[in-house]
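Peer 1: Input: one structure, supplied below.
Read-outs throughout are calculated quantities, based only on the coordinates presented, and are distinct from any laboratory measurement. Because the structure is a prediction, the values reported are computed rather than measured. Neighbour counts run over all protein chains shown; Cβ positions are idealised from the backbone, glycine included.
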């Protein structure tokens, strides 16, 4: 059985948890608190030298890091990852967009507001993070104004990856009221069979 | 014929250019200077709403963004992207590692030192970027001390993605002398058939 090392509340850890649930694949969740240093211990670094969660244990000693790599691995040969070459390419495009242009702003703003006291120096990063986060949301809005989902008009791992932090973007101070298509898409993802909460 | 919109000197743009060259696939290079705003024009944003390079035109009107998504697309059914499920998962892991834990530090430090005057406020970011960049290099060193290449003991798109900015990391002030395995791997990549320079 898969073991998924993750931290509750983390959007990146939520992604493989959501997909495993939707695929009805049993797994054991192993809680790791990054803020308590639990991903920097010698034992953990032996499993993942990069010291991050989530981490998927496929078999004992066989570990896969990077949430979006897990989505690709787990979704292979399922409807969540299309077989069509162009659709697959678009899924990959959105997965990399999420990790490079979305998560570093929307997830980080949420982390700062949710976990750090309001007099912490990192609160000074928020204006910059908001500006870049809104750029990512605007790209999503433009796409979703024309499409039901991110790729191929059906639910894929591209939606899972982008849903993870977008549906809790308000916790990072992002007001989604101006993004009608994004909000409509959030409702569509939320209504998918097997959709679970992030907590 | 493919058209590749890119900026000379950019490691992200270099990745698909290197792979296309190694696959002997003809393509037209279209130079776009991001610093001159050429990726923020209405015409460019109509092709890529995220306003970034590289951008691959597959057919007129069909565009793929994100350098690592291009690598996956172009390498499908070639030895550069293994068929084996576990090896593919590891390729994906390293591609996401590159965009999340490597490029934002090593490429950005290089950008600041190479393109911004030394009295620019962004030079103040360098100590933080160096610290995180060295963490990424240490992860690579640990892996490469045991392996010829990143995945499956042969050259794949994981190597291309990580080679792009690692082989010019010195331009971001990274001294690679302490990373013997990384330097050995750089030589192995450099000696691959069809390897071209970044410029």
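Peer 1: How many residues are without any contact (Cβ under 8 Å) to a residue 40 or more places away in the chain, in a helix (DSSP H, G or I) and more than 18 Å from the chain's Cα centre (by Cα) when one looks only at segment B:89-131?
Peer 2: Residues flagged as without any contact (Cβ under 8 Å) to a residue 40 or more places away in the chain, in a helix (DSSP H, G or I) and more than 18 Å from the chain's Cα centre (by Cα) within segment B:89-131 amount to 9.
Peer 1: Let me ask something else about it. Facing chain A (nearest Cβ under 8 Å) and within 20 Å of residue B:164 (Cα to Cα): is that true of residue B:69 in this structure?
Peer 2: Judged against the criteria, residue B:69 is a match.
Peer 1: Also, quick follow-up: Going by the structure shown, is residue B:128 more than 30 Å from residue B:30 (Cα to Cα) and more than 10 Å from chain A (Cβ to nearest Cβ)?
Peer 2: Answer is yes for this residue.
Peer 1: Filter segment A:117-141 down to residues that are touching a helix residue (DSSP H, G or I) at 6+ places or on another chain (Cβ under 8 Å) and surrounded by 14 or more Cβ atoms within 10 Å (Cβ to Cβ), then give me how many there are.
Peer 2: Total satisfying the criteria: 14.
Peer 1: OK, next. Tell me which residues, restricted to segment A:5-31, are more than 19 Å from residue A:68 (Cβ to Cβ) and either assigned to a loop (DSSP other than H, G, I, E, B) or under 15 Å from the mean Cα position of the chain (by Cα) (or both).
Peer 2: Within segment A:5-31, A:8, A:24, A:26 meet the criteria.
Peer 1: Could I ask something else about it? For residue B:73, only one of the following conditions fails: (1) outside any helix (DSSP H, G or I); (2) closer than 27 Å to residue A:74 by Cβ; (3) without any contact (Cβ under 8 Å) to a residue 40 or more places away in the chain; (4) in contact with a strand residue (DSSP E or B) (Cβ under 8 Å, 6 or more places away or on another chain). What is its number?
Peer 2: Of the numbered conditions (1) outside any helix (DSSP H, G or I); (2) closer than 27 Å to residue A:74 by Cβ; (3) without any contact (Cβ under 8 Å) to a residue 40 or more places away in the chain; (4) in contact with a strand residue (DSSP E or B) (Cβ under 8 Å, 6 or more places away or on another chain), the odd one out for residue B:73 is (1).
Peer 1: Right, something else. Every residue in segment B:83-92 that is within 30 Å of residue B:1 (Cβ to Cβ) and surrounded by fewer than 20 Cβ atoms within 10 Å (Cβ to Cβ), please.
Peer 2: Selection gives B:83 alone.
Peer 1: Quick one: which of B:155, B:165 is within 14 Å of chain A (Cβ to nearest Cβ) and buried (at least 17 other Cβ atoms within 10 Å of the Cβ)?
Peer 2: B:165
Peer 1: Residue check, residue A:80 against (1) under 17 Å from residue A:153 (Cβ atoms); (2) at the interface with chain B (Cβ under 9 Å from one of its Cβ atoms), all met but one. Which one?
Peer 2: (2)
Peer 1: Restricting attention to segment B:32-50, does a residue exist that is touching a residue at least 60 places away in the same chain (Cβ under 8 Å), part of a helix (DSSP H, G or I) and within 23 Å of residue B:182 (Cβ to Cβ)?
Peer 2: Within segment B:32-50 (the criterion being touching a residue at least 60 places away in the same chain (Cβ under 8 Å), part of a helix (DSSP H, G or I) and within 23 Å of residue B:182 (Cβ to Cβ)), the answer is no, since none of the residues qualifies.
Peer 1: Just give me the residues in segment A:168-197 being buried (at least 18 other Cβ atoms within 10 Å of the Cβ) and not in a helix (DSSP H, G or I), in sequence order.
Peer 2: Result: A:168, A:174, A:179.
Peer 1: Every residue in segment B:17-49 that is under 21 Å from residue A:101 (Cα atoms) and touching a strand residue (DSSP E or B) at 6+ places or on another chain (Cβ under 6 Å), please.
Peer 2: Answer for segment B:17-49, where residues must be under 21 Å from residue A:101 (Cα atoms) and touching a strand residue (DSSP E or B) at 6+ places or on another chain (Cβ under 6 Å): B:32, B:47, B:48.
Peer 1: Tell me whether segment B:31-49 contains one or more residues that are more than 11 Å from every other protein chain (Cβ to nearest Cβ) and closer than 24 Å to residue A:85 by Cβ.
Peer 2: Yes, there is a match, as at least one residue in segment B:31-49 is more than 11 Å from every other protein chain (Cβ to nearest Cβ) and closer than 24 Å to residue A:85 by Cβ.
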